[in-house]
Amino acid sequence: MENRTSSCNNRLLALFLLWTTALGLVGCSTSASSKYFGRTSPPSDNVLRYVTGSEPETLDPQLPDGQPEARIFMALYEGLVEYGPKDQQPIPALAKSWEISPKVDEFIFHLRQDAKWSDGKPITANDFVYSLRRGFSPETTSRTAGLGYAIKYSEDFNGEKVFIKKDGRFLTEADLEPTPAKPSTPFGPETEFRKFMQSPTRLTIYGDEKKRTKVLDGDEKLKALVQGAEFVPIEGKDIGVEAIDDYTLRITLKQSAPYFLGLFAHQFFRLVPQHAIEKHGKDWTRPENIVTNGPFKIKEYRPYDRLIVERDPNYWDAKNVHLDRIDFYPVEENSTILNLYKAGSIDAFLNHTVPSSWINEVRQYKDEYLDFPEAATAYYSMNTTKPPFDNVKVRRAFLLGLDREALSKFRKITQPLYGKVPQGSFPDYAKAAAKVGEEIRNEKGIAADAWEKRYKFDPETARKLLTEAGFPVVKNGDQFECPTFPVDRLAINFNTNENNKSVAEFLQAQWKRNLGVTVPLKTMEFKTYLPFFKSLQYEGFAQFLWSGDYMDPYTFLSLQYGKDNEGAAGFYDPKYDKLLDDANVELDAQKRYELMARAEEYLMEQLPMIPLTVNATNWMKKPYVKGMYPNPGTLLPWKFVYIERNPAKWDKDVANIMNVPDAQVDQQLADLVSTQKAAQK
């Protein structure tokens, strides 16, 4: 899930100027005797004032893929499960309980019978069927549909493919590559739809004639097989989502996917209202038309100014929603955010926001500053479809020509990243990766020291690789030059943000010093940057910040999986896909991790991206804001958040916030989890 910051809020800025005039708060300096960073008193109303990042692209949860939208969606919409406030592990939401098949390829969810939309209409399993069919529909143009492609036939539906019918029956994959039939294991009620889902997987091909012809011309066996066949469009009713009854939902996957339960909390899987969409079309998200189902509903929305949500009395768990209101503000400048916070105009703000120049000052406020490990990475994609980055030697040269330890020291709150999966987030995976690394090193006969530094800073090897790729690096005095490298048509691309710019300038200086290549910088507003980046219009490098959508290494490795992946590098490799597929059908957790680690090693050999850093949470909240935790993705379930007015109960030393009991939050979690455990018994 992408991270970013955004546009400035005039109303909030005016409020800030009022405070700075009254209180004399200028710059970042605060009295050393002050316990808190600026004005610290709870708001008079039961309201949280929060800067979430950029102006949301849309209030339709199935369309965008940014983290700022995700936080807003967590207030307005709910799905089968929700992210846990502390560890981001899935907890019950609209599903009070669930069952998972032994192969982890079928899920049965038992829904709450008291759940309603914000307009009072009851929520049923058919709402989930509609929402997922809509999400995967090619007309929806969701940027996150690929996350759900493990659901049977969803990728084919989204890709506008067709079934192949010949001699009165649908052809299956076994017709192309004979394989032993796999017997279906009973799981839940047997229905006609389940029989269809458990039948041999049907063969699919592009519905578009030009695309289909191209595929068939490259596969004589398939071409002969489909000769004279009928092509039947795949529809939404064909994907693996079934309402067994009004309050029982079954989801069928095309293969085992041990990570999938946690993924159901993602915004793509949150409900959208069929009745509002059918009535208002694309205007359904306008404030006067929108229907939601989360703990809050929209009270007021002024684009580029503020989005105010209020507690929804129709929400199934309204009694456990503590805030009356949340005021979301879009603000672009990080220093402005810090000053607003210092003035007491906001109570908390998004992650990755404290500027490097403020870090040392802010760190001393130990009751407010949250610097925690995060399941998030920063890297630069390279457009591998265009020269010179279609050459792996060029890609590796820029990797080795970058001192990531120096970058992390410059950033102050990050650690160097040397692979695709962030170290520290998945300890068991790290052990598996170390074991696999040793095995591969021995297989290839590589010395231990060479293996250890194979992706680390090595400017001499970097210059050698660039020269071998046809771009000679020469020394001119005490500087290096690479006069033939095509910097005139390349750029380091990033979206507007102070931290993004400082990182780009740091890398630009590194590559100039170590490779003799000065790559120009190019910045743009995020709404413009995202389609430019995702459609591979850029040449050179493009910044990519990614926070895990669920707590499994696959959330990072899957970015380069499949033809239409999210990695935005133009990279596609069937061998890499096969390695990940093999990992996900392995039900032994440690063996699965080992197979995934082999896939990661292979990806790093191909190198479609330059890993930069493992990020940290890096944000602040007032000590009276309780129930808000720096979980690994900084994804905040707002129903747990509350304002504590008794200073004796305010948070202290937030470095231990995850271990300090909070009776209110802990009881809420216990009640939710006990429902699921009771149902499983």
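Within the range 489-522, count every residue that is of a type in the set (S, T, Y), at pLDDT 95 or above and either under 24 Å from the mean Cα position of the chain (by Cα) or not assigned by TED's automatic domain parsing to the domain that holds F471 (or both). It would help to see each step written out before you state the result.
If we filter the range 489-522 for residues that are of a type in the set (S, T, Y), which is where we start, we get 496, 502, 518.
Narrowing the set further to residues that are at pLDDT 95 or above leaves 518.
From the residues that got through so far, the ones that are either under 24 Å from the mean Cα position of the chain (by Cα) or not assigned by TED's automatic domain parsing to the domain that holds F471 (or both) too are none.
Residues in the range 489-522 being of a type in the set (S, T, Y), at pLDDT 95 or above and either under 24 Å from the mean Cα position of the chain (by Cα) or not assigned by TED's automatic domain parsing to the domain that holds F471 (or both): 0 in total.
If I72 satisfies every condition in (1) of a type in the set (V, I, T); (2) surrounded by fewer than 23 Cβ atoms within 10 Å (Cβ to Cβ); (3) under 23 Å from M628 (Cβ atoms) but one, which is the exception?
(2)
Identify the single condition in (1) assigned by TED's automatic domain parsing to the domain that holds Y455; (2) over 23 Å from the mean Cα position of the chain (by Cα) that A583 does not satisfy, given that it satisfies every other one.
Evaluating A583 over (1) assigned by TED's automatic domain parsing to the domain that holds Y455; (2) over 23 Å from the mean Cα position of the chain (by Cα) leaves (2) as the failure.
Can you pull out the residues in the range 110-161 that are under 30 Å from K211 (Cα atoms) and among the β-branched types (V, I, T)?
Applying the first criterion (under 30 Å from K211 (Cα atoms)) to the range 110-161 yields 129-161.
If the condition is that a residue be under 30 Å from K211 (Cα atoms) and among the β-branched types (V, I, T), then V129, T140, T141, T144, I151 are the ones that fit.
Of all residues in the range 53-101, count the ones that are within 14 Å of the chain's Cα centre (by Cα), part of a strand (DSSP E or B) and not small (G, A, S).
1
Does at least one position in the range 179-193 carry a residue that is loosely packed, with under 13 Cβ neighbours inside 10 Å and either touching a Phe, Trp or Tyr at 6+ places or on another chain (Cβ under 7 Å) or of a type in the set (A, V, I, L, M) (or both)?
The answer is yes, given that some residue of the range 179-193 is loosely packed, with under 13 Cβ neighbours inside 10 Å and either touching a Phe, Trp or Tyr at 6+ places or on another chain (Cβ under 7 Å) or of a type in the set (A, V, I, L, M) (or both).
Would you confirm whether or not the range 397-409 contains a residue that is in the same structural domain as L607 (by TED's automatic domain parsing), out of contact with any Cys (no Cβ under 7 Å at 6 or more places or on another chain) and at pLDDT below 95? Full working, then the answer.
Keep residues of the range 397-409 that are in the same structural domain as L607 (by TED's automatic domain parsing), which gives 397-409.
Still in the list and also out of contact with any Cys (no Cβ under 7 Å at 6 or more places or on another chain): 397-409.
Now narrow it down to the ones that are at pLDDT below 95: 408-409.
Yes; the residues of the range 397-409 include at least one that is in the same structural domain as L607 (by TED's automatic domain parsing), out of contact with any Cys (no Cβ under 7 Å at 6 or more places or on another chain) and at pLDDT below 95.
Please pick out the residue among V660, V641, V654 that is without any contact (Cβ under 8 Å) to a residue 12 or more places away in the chain and assigned by TED's automatic domain parsing to the domain that holds Y341.
On the way: V641 fails: without any contact (Cβ under 8 Å) to a residue 12 or more places away in the chain; V654 fails: without any contact (Cβ under 8 Å) to a residue 12 or more places away in the chain.
When all the criteria are applied, what remains is V660.
Considering only residues that are within 12 Å of K152 (Cα to Cα), in a strand (DSSP E or B) and β-branched (V, I, T), which ones fall in the range 216-253?
V241, I251, T252
So how many residues does the range 560-580 have that are within 20 Å of the chain's Cα centre (by Cα), in a helix (DSSP H, G or I) and free of Cβ contacts under 8 Å to residues at least 40 places away in the same chain?
Taking the range 560-580 as the starting set, the residues that turn out to be within 20 Å of the chain's Cα centre (by Cα) are 560-572, 577, 580.
With the extra rule that they be in a helix (DSSP H, G or I), the set shrinks to 560, 577, 580.
Applying the additional criterion that residues be free of Cβ contacts under 8 Å to residues at least 40 places away in the same chain yields 577, 580.
The number of residues fulfilling the criteria is 2.
Please enumerate the residues belonging to the range 446-475 that are in a helix (DSSP H, G or I) and acidic (D, E).
Of the range 446-475, the ones in a helix (DSSP H, G or I) are 448-452, 459-468.
Scanning the range 446-475 gives D449, E452, E460, E468.
Tell me the residue from A469, A462, A450 that is modelled with pLDDT under 95 and over 30 Å from N360 (Cβ atoms), please.
Numbers: A469 fails: modelled with pLDDT under 95; A462 fails: modelled with pLDDT under 95.
Exactly one residue qualifies, and that residue is A450.
Regarding the range 35-47, can at least one residue be identified that is aliphatic (A, V, I, L, M), out of contact with any Lys or Arg (no Cβ under 7 Å at 6 or more places or on another chain), at pLDDT 95 or above and under 25 Å from V291 (Cβ atoms)? Let's see the steps before the verdict.
The initial filter retains those residues of the range 35-47 that are aliphatic (A, V, I, L, M), namely 47.
Now drop any that are not out of contact with any Lys or Arg (no Cβ under 7 Å at 6 or more places or on another chain), which leaves none.
No; the residues of the range 35-47 include none that is aliphatic (A, V, I, L, M), out of contact with any Lys or Arg (no Cβ under 7 Å at 6 or more places or on another chain), at pLDDT 95 or above and under 25 Å from V291 (Cβ atoms).
Would you check which residues across the range 92-114 are out of contact with any helix residue (DSSP H, G or I) (no Cβ under 9 Å at 6 or more places or on another chain) and among the hydrophobic types (A, V, I, L, M, F, W, C) and list them?
Of everything in the range 92-114, just one residue is out of contact with any helix residue (DSSP H, G or I) (no Cβ under 9 Å at 6 or more places or on another chain) and among the hydrophobic types (A, V, I, L, M, F, W, C), namely I108.
Which condition number in (1) surrounded by fewer than 18 Cβ atoms within 10 Å (Cβ to Cβ); (2) in contact with a Leu (Cβ under 8 Å, 6 or more places away or on another chain); (3) closer than 24 Å to L94 by Cα is the one that K223 fails?
(3)
Filter the range 617-653 down to the residues that are of a type in the set (S, T, Y) and assigned to a loop (DSSP other than H, G, I, E, B) and list them by number.
Residues of the range 617-653 that are of a type in the set (S, T, Y), as a first pass: 617, 624, 629, 634, 642.
Result: T617, Y624, Y629, T634.
Check N618 against each of (1) at pLDDT below 95; (2) surrounded by fewer than 23 Cβ atoms within 10 Å (Cβ to Cβ); (3) in contact with an Asp or Glu (Cβ under 7 Å, 6 or more places away or on another chain) and name the one condition it does not meet.
(2)
Among the residues of the range 476-532, write down those that are outside any loop (DSSP other than H, G, I, E, B), of a type in the set (A, V, I, L, M) and crowded, with 17+ Cβ neighbours inside 10 Å.
Step one: of the range 476-532, the residues outside any loop (DSSP other than H, G, I, E, B) are 476, 479-481, 487-489, 491-495, 498-515, 521-524, 526-532.
Imposing the further condition that a residue be of a type in the set (A, V, I, L, M) reduces the set to 487, 491-492, 503-504, 507, 509, 515, 521, 524, 530.
Hits for the range 476-532 are A491, I492, V503, A504, L507, L515, L530.
The values are calculated or read from the model by the stated rules, or taken from the named source; none is laboratory data. Keep in mind the model is a prediction, meaning the values are calculated, not measured. Cβ: placed from backbone, ideal geometry, glycine included. Neighbour counts: every protein chain shown.
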